[in-house]
1. Classify segment A:312-411: rounded, prolate or oblate, from the alpha-carbon gyration tensor (a ≥ b ≥ c, eigenvalue square roots; a/c under 1.5 rounded; otherwise prolate if a/b is larger than b/c)?
2. Per residue of segment B:173-181, in order, report the coupling 6.51 cos²θ - 1.76 cosθ + 1.60 (Karplus, θ = phi - 60°) as ³J(HN,Hα) in whole Hz, putting x for Gly and Pro.
3. With r as the distance between the Cβ atoms of A:R201 and B:A249 and R0 = 51 Å, compute the FRET efficiency 1/(1 + (r/R0)^6) and round to 0.05.
4. Can you give the angle from 0 to 90° between the axis of helix A:393-416 and the longest principal axis of chain A, with both taken from C-alpha atoms, to the nearest 10?
5. Sticking to Cα atoms, compute the Rg of segment B:194-241 to one decimal and its Dmax as the biggest Cα-Cα distance, whole number, in Å.
6. Given +1 on the Cβ of Lys and Arg, -1 on the Cβ of Asp and Glu, and no further charges, what dipole in debye does chain A carry about its Cα centre, rounded to the nearest 20?
7. Assuming 1.306 mPa s and 10 °C, estimate D for segment B:41-140 with Stokes-Einstein, Rh taken as the Kirkwood radius over Cα pairs, in µm²/s.
8. List, in order, the whole-Hz ³J(HN,Hα) value for each residue of segment A:342-350 obtained from phi through the Karplus relation with A = 6.51, B = -1.76, C = 1.60 and θ = phi - 60°; use x for Gly and Pro.
Amino acid sequence: MIATSDAPGDGLGEAPRGATAAGLAVFVAFMAAGYAYNVTFVQLGVTDLGRRLVGLDDAQVAGAMALLAIVTAVVAIAVGVWMGRTGVGRDLVRKLRIATVVVAGQTVLTVLAPLVASEGAFLAWVLLTALALGVGVPVTFSLTVHLVPVRRRGLAAAGVTAIAYAFAPLGSGDWTIEPLARTFTVGMVLGTAALALLAWRDLPLVRAWSRQHERPAFGIGRYLRGGAGDARGRLLSVLALLFVVFFVDSLGFLRLVDTPFYVAETWRAAEWGPRLTIAAAHVVAAFVGGTLYGALGERALLAWVLGAFVLVHLGYQLDAQLGLGDGSALGIPILYAVAVSLYTVVTFAVWADLSTPDTIGLHAALGVAASAWTATFLATALALRWAAAGVPFERHVALVNGVALPAFLVLLVVIVWPRPRAEVAA
Amino acid sequence: MRRSVGRTSLARERRRRGGAARRSTLALALLAVLLTGCDDALLGITWVRSDSHVVVDGARQAGALLITGGDVSLAPGSRTDGPVLLLGGELTIDGLVMGDVLAPGGALRLGPWAVIRGDLGAGAAFERHPDALIDGEVTVGLGLPSGAVEPRGGGWWWRVLLQALATGALAAAWARWAPRRLAAMADAAGRHFPVAASLGVLVFLLGSIAAVIMAFTIVLIPATLLVLVLGVVAVGTGWGALGFAIARAIARARSLAGGPLATWAGRPVWLAAFGGFDVALLLGIVERVPWVGGGVALVVSLAGLGAVALTGVGGRPFVHAGDALAAGDA
């Protein structure tokens, strides 16, 4: 039984029943696993690897993180440009094959991570990890134009975010490199096998997906529709805003993670209750974010995302200065989970919605690597520097607010500023 | 011709007012954000967070005194001008306090030389020497309200009934004096329930944390109270909008079918009043259903709140961005 999955009669042939749903499921699973790997294993694991196993001080680990950020960004942008020029951005099968090789390489790096013992080996490991990330980011994000229809991108991003973040607090809570490596190796071996199957077997589903980007419902991003005005300006403004959000998040969270008072009975609680509550907050907030992503205009959406972050960090500052809580209160951690899920949903959907199949590689590279990764790792490096310099927690959070509050004010000005007529119409 | 000139000037006036509203919003937001970063001395507040402090004999403590940690002693012969707020730590008063003393948290002790010219509100940890003088009203047993306290017997029925009457009256007032705004909110709540509920979650969470932060700046406590009052009115308005949406849909269906309710379709004030009343009454009953009742009531309330926010209190109709995409794809 053959039936069209989307947009019948558009001259692109018939797709197997459920091709769109299967595409969504594959995308969500792949991106959720990739995100959990990047956030948990790379960002948190590398710090532990450098500090504990190799014996580097905070300043040296900070330098390695900065190197990782810069190399990742440069490689990702180069790969993004290459994808646009060679037409790889439109070729699903080639992208799946590249993704398979990248995940296989990352699996080897994951297995080797606990064996790294010298500074030279650590730097080599960081460079290879950056190379894999740099290639992987534009390739995997560009799968969106084949697998996720524009109208479902909020929902897909919500699914990715919900799975990735539900997994993190429900895990063991032990963020050292050995258990992380063991956990991720099992998943990555399975993931490599699944990707290889999709990339090298001539499956009807893959044939159907490989042509979906030619349909406007898949290929043309939401913010490029209907004469939506200055696309480059929009891309740059979203890049700048998400850079600030990622920077603020990492700068604050990295210090929170190192402050036992705030994590011992919340994110790292021995009991299931607090971790389950935080995971549930992530999941609910992800679907709230996904629903709002598809419904609101970009200005309102971005204002809510940044506003949430600023208020949460002010909340932590208040708590730190007043000494109100006993460290076990879940109010602010839940709000933090909400804020993180909101912006993560946006980052999983917005780059594809600012792109066509030819530009998605570069835009995803700019967005994820140059904006998100660079911000994350630069903030991580700065947080480690401040920790090494003995900056107290209270002062650290105040400094984070020093970045967040002016950014929010600028955004507020942008929101209340009268819009050009063409943009209002869009 | 005259009509078109009138419309143009009306549109210009609206734009002018819109610009003024934007500028006011921006100025207020700027003020609020800057105040949150103010040094406490700039606000005329002395904020004690830790360690031991004594206002000694003959010394004068100007401005408000906020204590959230540590211990503070106002010695005999000392004078404290402003109100005193104790949220944590310990406070011993043995001198003169010209304003009110409010101590919902921490431990408060009044010595034999204590003189309080204002009112006193104290929590559970409170000791008073028999010679201590208090000019104003004394309230003991302050604390955060406990959700576990339930009205006895059938008391909740009266609360639900009053709530329903107030919601019906509020909805009728919207329908009488701002029918387009009510219609816009009802459309958003009825046709875009998941979006309204999602935005309601954010409005509730972020509004709550903003209110708490503002309360701790002391000078913005009135703004916090205003936020709380507006929040209650917004939830009531949301219930009313939802009730109006449901009642309007039923009346339209009845209008097509004929019958005794057919004429109601043309009476929005009655529709709003009955719709708002019914929704509030139903929610009051549903929230008492174990396990799921509270959740259902919460989601409906959040959707009402979200509908108010989505439309800017009904000032503009909500247009779902996905509708435009669907039209384009088709």
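1. prolate
2. Per residue, the Karplus-derived 3J(HN,Hα) values read 5, 4, 5, 6, 9, 9, x, 5, 5 Hz.
3. Once the sixth-power term is evaluated, E becomes 0.50.
4. Result, in degrees: 40.
5. 11.9, 37
6. With only Lys, Arg, Asp and Glu charged at Cβ, the dipole is about 1140 debye.
7. 123 µm²/s
8. Going residue by residue, I get 4, 6, 5, 4, 4, 5, 7, 10, 6 Hz, with x marking Gly and Pro.
The values are calculated or read from the model by the stated rules, or taken from the named source; none is laboratory data. Every value quoted in this text rests on a predicted model; they were computed, and no experiment measured them. Every residue, glycine as well, gets a Cβ built from its backbone with ideal geometry; the counts of neighbours run over all protein chains shown. Areas reflect the complete protein model, heavy atoms only, side chains present, ligands, DNA and RNA absent. Shrake-Rupley method; radii C 1.70, N 1.55, O 1.52, S 1.80 Å.
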